[in-house]
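Each value in this text was obtained by applying a stated rule to the coordinates, not by laboratory testing. Keep in mind that what you see is a predicted model, and the values were worked out from it rather than measured. Ideal geometry is used to build each Cβ from the backbone, glycine not excepted, and the neighbour counts take in all protein chains shown.
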Amino acid sequence: MLDTTMGEMFCGSCGLVLRERIEEEGPEWRAFSKEEREDRSRAGSPLSLAIHDMGLSTIIAPYDRDASGRGLSSPMKAAMERLRLWDSRSQVRESIDRNLRQAFHELDRLADKLGISEAVIDKAAYIYRKAAERGLVRGRSIPAMVAACLYAACRATLTPRTLKDISAVSGLKKKEAARCYRLILKEMDIKMPVSDPIICVSRVAAKAGLSERTKRRAIELLRKAVELRATAGKDPMGMAAAALYMACVLEGEPKTQRDVAEAAGVTEVTIRNRYKNLRALMNI
């Protein structure tokens, strides 16, 4: 049997407690105001590293009513408004809190424009928090550090976003973001996985409007190149673009080097050089 009051599960015959402190995961059945009756969820938003206080702080509700639902008097409304003001100020009373608040606002903006998943956002926020603990953000541009942390998170999670893409969205020079990225890797001793050009194929193919058959052929070519260790030290986006162009030539799809280069964000010279290397390597 289940005792919902004590949160215990016990035997109905002998009274032996089988489980105790059982948490109720259903909705909150008690409601004390009109707003709570409309949304009787048991908890608030989930904890997140991408929030400066991780979602642990509370706020004074913006409703000018007491517990019984009656409206507050004018002096009490003014007092509550002042309490809300001081409550919001007290949440960011230290410099590190203000820094995190501004940084994660910038991170949300970049993630929204780049279409980044929540897992990558949390990873970037984790890296930024660690960098802030070590004092790496002091005296440096917050947007540049956020862009570097986001790129590091993309590399760690194998998300096909280049430093050029992130820099263009953040309005920074690629050189500035790259400098912060190298600093993070050096000071925090982070080991990044080797970039896989295969994960970039789908993105480039979608931008260039290539067929599924051409995309699969490019993946086959890249897998052979990876087995022959021809992709080591090469830009993954350039290798993916070259493999797609070679697949277009083999499958007879009318796409020029410029079309593929614009979709991949690389130069035509890069595609030509990688294309020649792949042809010589595979005897095509």
Could you say whether any residue in segment 68-75 is surrounded by 14 or more Cβ atoms within 10 Å (Cβ to Cβ) and farther than 30 Å from Ile127 by Cβ?
yes
Any idea which of Leu250, Leu228, Leu185 is surrounded by fewer than 22 Cβ atoms within 10 Å (Cβ to Cβ), farther than 18 Å from Asp165 by Cβ and under 26 Å from the mean Cα position of the chain (by Cα)?
Leu185
Could you check segment 111-121 and list, in sequence order, the residues that are surrounded by fewer than 16 Cβ atoms within 10 Å (Cβ to Cβ) and touching a helix residue (DSSP H, G or I) at 6+ places or on another chain (Cβ under 9 Å)?
Lys113, Ser117, Glu118, Ala119
With the structure loaded, tell me whether Leu163 is farther than 22 Å from Leu136 by Cβ and hydrophobic (A, V, I, L, M, F, W, C) or whether it fails that test.
no
Specify which of the listed residues (Leu158, Leu107, Leu100) is in contact (Cβ under 8 Å) with a residue 40 or more places away in the chain, surrounded by fewer than 20 Cβ atoms within 10 Å (Cβ to Cβ) and of a type in the set (A, V, I, L, M).
Leu158
